[in-house]
1. Any idea which of B:ALA243, B:ALA249, B:ALA215, B:ALA198 is farther than 18 Å from B:SER78 by Cα and of a type in the set (Gly, Ala, Ser)?
2. When the range A:219-233 is examined, which residues are found to be within 15 Å of ligand 1 (Cβ to nearest atom) and open to solvent by less than 20 Å² (accessible area, probe 1.4 Å)?
3. Could you identify the single residue in B:ARG230, B:ARG257 that is of a type in the set (D, E, K, R), in a helix (DSSP H, G or I) and farther than 25 Å from B:MET192 by Cα?
4. Filter the range B:21-59 down to the residues that are in contact with a Ser or Thr (Cβ under 9 Å, 6 or more places away or on another chain), exposed (fewer than 13 other Cβ atoms within 10 Å of the Cβ) and not hydrophobic (A, V, I, L, M, F, W, C) and list them by number.
5. Looking only at the range A:86-99, count how many residues are within 8 Å of chain B (Cβ to nearest Cβ) and open to solvent by 20 Å² or more (accessible area, probe 1.4 Å).
6. Can you find, within the range A:23-60, the residue that is nearest to A:ILE2 (Cα to Cα) among those that are of a type in the set (A, V, I, L, M, F, W, C) and open to solvent by 30 Å² or more (accessible area, probe 1.4 Å)?
7. For the range A:68-76, indicate whether the set of residues that are under 30 Å from A:HIS178 (Cα atoms), within 15 Å of ligand 2 (Cβ to nearest atom) and open to solvent by less than 30 Å² (accessible area, probe 1.4 Å) is non-empty.
8. Only one of these is in contact (Cβ under 8 Å) with a residue 60 or more places away in the chain, within 14 Å of another protein chain (Cβ to nearest Cβ), assigned to a helix (DSSP H, G or I) and more than 14 Å from the chain's Cα centre (by Cα): B:PRO193, B:PRO240. Name it.
Amino acid sequence: MITAHNLWKHYGDHTVLERINVTVDEGEFITLVGASGCGKTTFLKLLLGVESISRGSLTLSGEPIASEPGPDRGIVFQQYSVFPHMSVLENVVAAIGFRQPGLTGFLFGQPKKDAEELSLSLISKVGLQAAAHKYPHELSGGMRQRLAIAQALMAKPKILLLDEPFGALDPGIRADMHTLVLDLWRENNLTVFMVTHDLKEGFHLGTRLWVFDKPRIDPHAPEAYGATITYDLSTSRNTDVAFSETSP
Amino acid sequence: MKRLINLTPAPAMKWLLGLLPFAVLLLLYVVTSDARLAENAADKLLPSFGSMQEAMTRMAFEPSKRSGDYLFWTDTASSLRRLGAGVAIAAVLGLIIGIATGALPMLSAVFSPLLTVTSLIPCLALLPVLFIVLGLGELSKVVLIAIGITPFIARDIQRRTREIPVEQLIKAQTLGANSAQIICRVLLPQLMPKLINAVRLSLGAGWLFLIAAEAIASTDGLGYRIFLVRRYLSMDVILPYVAWITLLAFVFDYLLRRISKRLYPWELAE
Ligand SMILES: Nc1ncnc2c1ncn2[C@@H]1O[C@H](COP(=O)(O)OP(=O)(O)O)[C@@H](O)[C@H]1O
Ligand SMILES: [Mg+2]
């Protein structure tokens, strides 16, 4: 489904990613770990189309990835993922309105009622029914991330990108979020890419875990070489434990 | 004894402390005014509160002998009409220019340099041009206020637009929103409280332009009156007029702040 072939990404002289060769099938749950600043977010940005690749190719179903974000690829950031001026319900309904053509994406009459009903059922599914009319600033961090996930799913993406979505949450809340994400992943047939700095979380959630690291380091020019996927592991939830080192 | 930086007044105390300088200034005025009047009962420089009240009763509650108008109120109405029209035009233009150049890089490339240059023009120097081109009527005064504060509002809104986290714009795009939807639904609502704030900050400049324009060419208005009675050294009219303008400015600022809080409860909550 997604194929990277000899992919490089530079910012000026700074090589962030180099020689990435991977193929991802539909329905995989990929977790990305690696040192801070090694290019995990950059990789998600390439998939989103916010940044463009410098060399090589990155294709989705055989086509080069679109150069701007679109509804086939959803995203949840660590923060700022929801619209602060909309209530929980409005945030999710907006995701339906934005799929319609038109200047404002506002819905009226029956379509609006249908959209609210659909949104409320999803809001209940992520456990926010009691907060449907609250604004994001009235929610806890965990509730905000549930909202961000619900909103992203409303656009019915094939691919869901999560950039350290639970990084700011308490460990207790995280366990609930893990269950939620796994449920939604199975039900919606999603392909998930999730960045995490918690290796345990990566093993627990992913069907496949990628470790980003720099295989070459020039001590005099630390930015000369980029990171690549040094380990590509199938986790235990995937039949049996496979351990393979990708050839860069 | 706590450190000075940790000493905070209790709420009631804070009010009293805030009122103290006003009381001192008022007292100072009364004392000096009395002293001067005792020396020379015809002194016009620091009129007593009694004579100010007398003058204002004449201005506000007795029809003018010449026109039959209640001058204080017609002055106020004329000035507020000009200020309101000028500020409203500036707010609308500033919002449109600010969002367009803040959200659309192509438009920004075309208009940002122009905006920077126009915001540097000292507007009062343009006043003669406006009088020549637009005549001495209402239009030139309203236009002066509008062009005086539009660049400020536009630049503020432009900056605020760019401050909206890029994550929100990306998110909207992943939900399928087009550019118009992003501007209408993501940017515009979040910029409305910023616009109110920008208007609050620009009202001071608005008053300045209003009074300047009225002083130079007008037949009524608060600024006109102050400059007219200056010829007779009528401090008993000038001082209450200045106090009235200050009060109006304070009330507008307060109202705008309240409106913003009421309409946009999510603002400043981040
Ligand atoms: N727009 C940019 N311009 C220049 N350098 C960037 C830019 N975005 C990211 N980088 C650099 O790329 C490297 C990888 O960043 P990032 O992908 O955010 O790392 P992380 O793995 O922590 O998510 C960092 O060293 C960062 O400084
Ligand atoms: Mg990151």
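1. Unique residue meeting the criteria: B:ALA198.
2. Correct list: A:GLY226, A:ALA227, A:THR228, A:ILE229.
3. Result of the check over B:ARG230, B:ARG257: B:ARG230.
4. B:ASP34
5. Qualifying residue count for the region: 1.
6. So, considering only residues that are of a type in the set (A, V, I, L, M, F, W, C) and open to solvent by 30 Å² or more (accessible area, probe 1.4 Å), the one nearest to A:ILE2 (Cα to Cα) is A:ILE53.
7. The answer is yes, given that some residue of the range A:68-76 is under 30 Å from A:HIS178 (Cα atoms), within 15 Å of ligand 2 (Cβ to nearest atom) and open to solvent by less than 30 Å² (accessible area, probe 1.4 Å).
8. B:PRO193
The values are calculated or read from the model by the stated rules, or taken from the named source; none is laboratory data. It should be emphasised that the depicted structure is a prediction, and the values quoted were computed from it without experimental measurement. Note that we place each Cβ from the backbone using ideal geometry, even for glycine, and neighbour counts take in every protein chain shown. The area values use the complete protein model at the heavy-atom level, side chains included, leaving out ligands, DNA and RNA. Shrake-Rupley method; radii C 1.70, N 1.55, O 1.52, S 1.80 Å.
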